[in-house]
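Here's the structure we're looking at; comments come further down.
The numbers here are math on the coordinates, done by the rules we state, and not lab data. These numbers were taken from a predicted model, which means no experiment stands behind them. Every residue, glycine as well, gets a Cβ built from its backbone with ideal geometry; the counts of neighbours run over all protein chains shown.
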Amino acid sequence: MKTILDQEEMPSNFYNIQADLPRPLDPPLNPATRQPITPDMFEPLFPKEIIRQEVSSQKYIPIPEEVREAFLRLGRPTPLYRAKRLENYLKTPARIYFKREDMNPCGSHKPNTAIAQAYYAMKEGVETLASETGAGQWGTALAYATMLFGLKCKVFMVRVSFDQKPQRKTLMNLYGAEVTSSPSNKTSIGKKFLAKDPEHPGSLGIAISEAIETTVMGKNTKYSLGSVLNHVLMHQTIIGQELLLQLKMLDETPDLMIGCVGGGSNFGGFAFPLMEKKIKGKVDTQFIAVEPTAAPSITKGKYDYDFGDAGQMTPLLKMHSLGHAFIPSKIHAGGLRYHGMAPLVSLLADEKYIQARAVEEKAVFDAAAIFSHTEGIIVAPESAHAIKVVIDEALAAKRANERKTIVFNLSGHGLLDLNGYEQYLKGEIK
């Protein structure tokens, strides 16, 4: 039912998949010159250690002891569960496992990188971290991490989620963060979008621009990102490294690895340690990244260079993108409402190591309801995207009478998403 690691088995390194990619990652470009960015150009935004990790091809990056201690406080290593009640409900011969990243104080996988980023900033004397958040899980994690290391935190929260999920703002405030609805009147970028539409729902692209502007204009302030960039996905590989140890204890090799994708952080962290074996031809596992039809960056986006933000303040990144001006509909999975996909995930999707699927919001809530009725866990709408495809694949295994092993990442709980669930129960989500 539950596979648990000892504290001593928690990984001591982050895994960097850049060392094992089938081809080199395309470099970020200066939008003015279209020439590759040099690392020093990132210094106004990020701590030096973060920049070093972003461009590194070193396979393993040691995890500082203070970060490991914070991970233990957070509840790592996290358990791997067998979803037997879901299997019985579906009457499937498939074995379904899920890695639980929802049981920490912040309720998601996001603290794995927030803690590392706040630590490196603290070590370099940074006073304030600025960032954006969609559904609020990243903002909560960064507020928690800055609280641990004595930093100030400024968060721009996408307006639609700010209105849908007021408890997330309360949680961030309790950890000491300043939270602002985006677009806002605090930045020139925010004012520009509000001038066009005073009721603008916001987007992660706009919130990123506001956070970057705040960083550049602020005193001793650095920017912190919760997804997309290489170092963020690398910090999250603590999930997948723990998972490999747990699967070894069970003598299981997954046929399917499934995770939701918005910017790519939970999927990358969950999948990349096993993806190394896939790239080297040691496993035949299928990797499925599940995105919303409201923001289908891999399934519908163009794989090309684009800005990471709506205000065109970031370097150009080679990624699957719907266009930096794209504004998604007001779905409840706010963490998946991003126009682009992590360059690392995009490259592996382009190389056919990752398959992407887009699913509708109503079907996602249907899957979440089944999971709550069987496993008793209320999942985040983001995580429910993965569960929708897990159910599809388990039923396909039933029709084919195949004993497949399916593993997915339960990236966060939905206990602060009950407004969305209430709308679902009333039949208001179509």
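Amide H to amide H, which residues 5 or more places from SER182 or on other chains are under 5 Å from it, using H placed in the peptide plane?
Here MET157, VAL158, ARG159 satisfy the definition.
What angle do you read, to the nearest 10 degrees and between 0 and 90, between the alpha-carbon axis of helix 111-123 and the longest principal axis of the chain?
So the inclination is approximately 30 degrees.
I need MET234, MET41, MET341 ordered by Cβ neighbour count within 10 Å, fewest first.
Fewest to most other Cβ atoms nearby, the residues stand as MET41, MET234, MET341.
Which length gain, in nm to one decimal place, applies between ASN185 and ASN30 when the Cα-Cα distance is subtracted from 0.36 nm times their residue separation?
Gain on stretching ASN185 to ASN30: 53.0 nm.
For GLN286, list long-range residues whose amide hydrogen, built 1.01 Å from N in the peptide plane, is under 5 Å from its own amide hydrogen.
Here the answer is LEU256, MET257, since their amide H atoms fall under 5 Å of that of GLN286.
Loop only by DSSP, 14 or fewer other Cβ within 10 Å of the Cβ. Give me the trypsin sites (Lys or Arg not before Pro) in the stretch 1-60 that pass, ordered by residue number.
Passing sites in the stretch 1-60 are ARG34, LYS59.
Taking the convex hull of the alpha carbon atoms in the stretch 131-174, what volume per residue do you get, in Å³?
With only Cα atoms used, the stretch 131-174 gives 52 Å³ per residue.
Expressed as an acute angle from 0 to 90° and rounded to the nearest 10, what is the orientation of the C-alpha long axis of helix 265-279 relative to the principal long axis of the chain?
It is inclined by approximately 60 degrees.
From the cross-link list LYS99/LYS282; LYS248/LYS398; LYS99/LYS318, which pairs have alpha carbons spaced over 27 Å apart?
Pairs exceeding the cut-off: LYS99/LYS318.
Arranged from highest to lowest average of other beta-carbon atoms within 10 Å per residue, in what order do the peptides 98-109, 274-285 appear?
In decreasing order of mean packing, 98-109, 274-285 become 98-109, 274-285.
Note down the magnitude of the dipole of the stretch 166-242 about its Cα centre, charges +1 on Lys and Arg C-beta and -1 on Asp and Glu C-beta and zero elsewhere, to the nearest 20 debye.
Rounded to the nearest 20 debye, it is 220 debye.
Could you tell me the relative contact order of the stretch 47-98? Use alpha-carbon pairs under 8 Å, at least six residues apart, and round to a whole percent.
Relative contact order comes out at 24 percent.
Spin-label point model (7 Å from Cα, Cβ direction): what's the LYS362 to ARG403 distance in nm?
About 3.8 nm, to one decimal.
Relative to the first principal axis of the alpha-carbon coordinates of the chain, what is the inclination of helix 137-149, with its axis defined by its Cα atoms, in degrees from 0 to 90 and to the nearest 10?
70 degrees
Rounded to the nearest 5, what % of DSSP beta bridges with both residues in the chain are antiparallel?
Within the chain, antiparallel bridges account for around 35 percent of the total.
Would you pull out the residues with amide H under 5 Å of ARG76's amide H, same chain only if 5 or more places away, H placed 1.01 Å from N?
Result for ARG76 returns nothing.
So how do 158-165, 26-33, 219-226 stack up, highest first, on mean other-Cβ count within 10 Å?
Highest-to-lowest ranking by the protection proxy: 158-165, 219-226, 26-33.
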